[in-house]
Amino acid sequence: MRMARSIIAVWVLLWLSPPVDAAVTAQRHMVAAGHPLAAQAGREILRKGGTAVDAAIAVQAVLGLVEPQSSGIGGGAFLLHWDQASRQTTAYDGRETAPASVTPDLFLNPDGQPMGFRDAFTGGRSVGVPGVIAMLALAHERHGKLPWAELFAPAIKLSEEGFPVSARLRLMIGAMPKLSSFAQARAVYFTPGEPPQAVAAGAILRNPDYAQSLRMIASGGPRAFYTGPLAQAMVEAVAAQGGGLSLDDLAGYQAKQRSPVCAPYRGYKVCGMPPPTSGGVTVLQILGLLENFEMPSLAPDSVVALHLLAQASRLAFADRGLYLADSDIVDVPVKGLTSPRYLARRAQRMTIGRMDSAPALAGRPVRHAGIDYAPNVDGALPSTTHVSIIDGQGNAISMTSSVEAPFGSHVMAGGFILNNQLTDFSFAPQIDGRPVANAVAPHKRPLSSMAPTLVFDKAGALYASLGSPGGTRIIGYVAQTLVGLLDWNLDMQAAIDLPRLIDRNGPLELEAGTTLEALAPRFTALGHRVEMQPTFSGIQGIRVIAGKLEGGADKRREGVVLGD
Ligand code: GLU
């Protein structure tokens with residue numbers, strides 16, 4: 001009887017567990033993006049002979065329509081580009097900047113205490129100067145092939161003809177209680193009448209204002225976004241909600257070309273985005289710490305392997321909190337933080353036995369002559385999106401793009417959402433008399449966690465492109481996926497599917513409803529404070545394997561992989 005019951009239980013479990021789908025493969029080109037319609041637009045451009053950057057522009061324009069809760073032209077992004085002909089990796093920074101008018105007390109209440117995140121993120125106060133269009137234009141100048149104007153055609157068509165609202169878009173509209181109190185957002189995402197009802201999943205949503213904005217940008221280039229009627233509309237919309245974005249802020253915005261941060265891992269070279277995101281440096285720190293342990297000989301569900309991953313993450317987050325900020329304004333010891341010698345020294349704090357449960361303290365990567373900083377305090381709600389593309393010539397992009405919280409500041413202009421990225425600054429400019437490196441300042445870029453990543457094999461050939469949304473958890477999602485790919489040789493989909501484990505130098509978050517739940521007592525015994533958490537990673541990635549492209553998309557959101 002007992003036996004029969006357990007056989008039935010196993011059968012039910014097998015029946016209930018989602019099918020293990022193989023990674024998608026292709027020969028010529030591939031796009032992995034957070035929404036099927038965006039991926040289709042990217043593939044359409046690749047089929048026309050467009051480059052990875054051309055396709056990324058088409059994908060981003062569509063994402064701003066169909067996944068407006070996550071990214072759009074009113075937000076910011078980071079893009080890593082691999083140029084197959086010159087064998088060079090370039091980092092493009094389209095992060096928002098703080099308007100000239102901001103002061104260090106931007107997010108302080110009159111009593112000098114930091115505002116609550118939920119009070120701060122909606123409205124004009126949190127809007128930074130959007131960087132996506134300037135960044136894409138800069139990348140297109142260098143790596144584009146098809147005419148700029150052509151790349152907006154799929155998004156313009158979809159905005160005018162409409163698209164079916166996805167389950168996740170419906171969910172996110174319903175999850176943001178203040179969204180309907182913003183007039184433009186109400187007009188686009190709610191049905192007319194009282195009380196406002198979120199548009200239904202499956203309903204056809206049109207956004208003619210967005211189509212009109214895209215037409216202006218398509219024909220006028222980035223100038224049509226940063227000056228003229230669109231700029232005016234953004235400034236007025238932000239001012240009406242109490243913010244200080246100016247025409248000069250917009251006209252003066254500059255996307256930046258930067259050098260990627262790269263470090264070896266198990267014979268591969270892993271490249272990420274430098275500051276103002278912490279993503280690249282912190283992911284490389286986690287890997288650099290793990291390099292000191294025999295991870296490849298451990299299984300993906302080994303408690304020892306996951307215990308090491310969690311401790312590496314704790315140490316890396318301790319450094320992140322103290323040192324990382326906009327390196328154009330603050331001195332960030334990027335080289336010291338990612339140096340294998342420093343990380344080997346720091347890895348001595350890791351153990352396969354019971355760890356010290358107290359939060360890790362930051363290390364001293366170099367003799368820091370500069371300021372004695374206080375650790376940054378993060379607060380964010382997850383949104384954001386990731387796109388990976390490899391084109392027919394072997395060029396690749398890895399782009400993570402964001403309006404910060406779901407639907408950003410909720411303020412809209414020209415049919416698109418304006419970001420609330422300034423909430424990625426530390427709300428308190430100083431703590432206990434010590435300055436915070438990531439404090440608010442005019443023209444400064446708030447610290448990000450976005451971690452678009454490219455990996456190269458031993459011969460220097462492109463091996464993988466990946467990244468994820470998820471706020472500060474992005475770092476853990478990307479690091480764990482890289483360990484899956486590089487230590488355990490999982491295929492892209494299997495690495496993305498790994499049950500997630502995150503430690504941001506606080507509790508150990510285990511993905512609820514996965515095999516990790518059963519391991520919780522063992523992590524507790526090793527000194528972790530365990531929490532079960534639902535997980536909303538949205539990893540997209542492509543791997544080059546035996547001359548073929550193999551893609552994966554995170555089933556926890558709506559991403560897909562398309563290729564030919
Ligand atoms: N604003 C965050 C960042 O730049 C991303 C938010 C998210 O992924 O939800 O790191």
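Observations
- For residue 319, the test of being acidic (Asp, Glu) and surrounded by fewer than 19 Cβ atoms within 10 Å (Cβ to Cβ) is failed.
- Residue 455, sole failed condition from (1) open to solvent by less than 10 Å² (accessible area, probe 1.4 Å); (2) touching an Asp or Glu at 6+ places or on another chain (Cβ under 8 Å): (2)
- Some residue of region 378-397 being open to solvent by 60 Å² or more (accessible area, probe 1.4 Å), modelled with pLDDT of 95 or more and more than 26 Å from residue 264 (Cβ to Cβ): yes
- For region 419-478, filtering for residues that are near the ligand (Cβ under 9 Å from one of its atoms) and either assigned to a loop (DSSP other than H, G, I, E, B) or among the acidic types (Asp, Glu) (or both) leaves 11.
- If only residues of region 79-128 that are of a type in the set (Val, Ile, Thr) and over 19 Å from residue 405 (Cβ atoms) are counted, the one that is surrounded by the fewest Cβ atoms within 10 Å (Cβ to Cβ) is 103.
- Qualifying residue in region 364-372 (condition: in a loop (DSSP other than H, G, I, E, B) and at pLDDT 80 or above): yes
Residue-wise test of (1) more than 22 Å from residue 314 (Cβ to Cβ); (2) under 20 Å from the mean Cα position of the chain (by Cα); (3) of a type in the set (Phe, Trp, Tyr).
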| position | (1), (2), (3) |
| --- | --- |
| 453 | no, yes, no |
| 461 | yes, no, no |
| 478 | no, yes, no |
| 496 | yes, yes, no |
| 505 | no, yes, no |
| 517 | no, no, no |
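- 3 or more residues within 29 Å of residue 558 (Cα to Cα): qualifying helices (runs of 4 or more DSSP H) within region 136-250: 153-161, 167-175, 183-189, 208-220
- Positions within region 521-534 being on the phi < 0 side of the Ramachandran plot and in contact (Cβ under 8 Å) with a residue 60 or more places away in the chain, in sequence order: 522, 523, 525, 526, 528, 529
- Criterion violated by residue 374 - all others in (1) within 16 Å of the ligand (Cβ to nearest atom); (2) closer than 20 Å to residue 427 by Cα; (3) open to solvent by less than 50 Å² (accessible area, probe 1.4 Å) satisfied: (1)
- Verdict on residue 111 being of a type in the set (Asp, Glu) and closer than 26 Å to residue 328 by Cα: no
- Residue match in region 514-522 (condition: part of a loop (DSSP other than H, G, I, E, B), of a type outside the set (A, V, I, L, M, F, W, C) and surrounded by fewer than 22 Cβ atoms within 10 Å (Cβ to Cβ)): yes
- Residue under evaluation residue 405, criteria (1) small (Gly, Ala, Ser); (2) within 16 Å of the ligand (Cβ to nearest atom); (3) in contact with an Asp or Glu (Cβ under 6 Å, 6 or more places away or on another chain), criterion not met: (3)
- Test result for residue 491, closer than 30 Å to residue 264 by Cβ, open to solvent by 10 Å² or more (accessible area, probe 1.4 Å) and away from the ligand (no atom under 16 Å from the Cβ): yes
- Residue under evaluation residue 173, criteria (1) surrounded by 20 or more Cβ atoms within 10 Å (Cβ to Cβ); (2) under 25 Å from residue 273 (Cα atoms); (3) among the β-branched types (Val, Ile, Thr), criterion not met: (2)
- Scope region 198-252; condition open to solvent by less than 40 Å² (accessible area, probe 1.4 Å), under 19 Å from residue 100 (Cβ atoms) and without any contact (Cβ under 8 Å) to a residue 24 or more places away in the chain; matching residues: 231, 235
The values are calculated or read from the model by the stated rules, or taken from the named source; none is laboratory data. Keep in mind that what you see is a predicted model, and the values were worked out from it rather than measured. Please note: Cβ atoms are built from the backbone with ideal geometry, for glycine as well, and neighbour counts cover all protein chains shown. Calculation scope for accessible area: heavy atoms of the full protein, side chains included, ligands and nucleic acids excluded. Shrake-Rupley method; radii C 1.70, N 1.55, O 1.52, S 1.80 Å.
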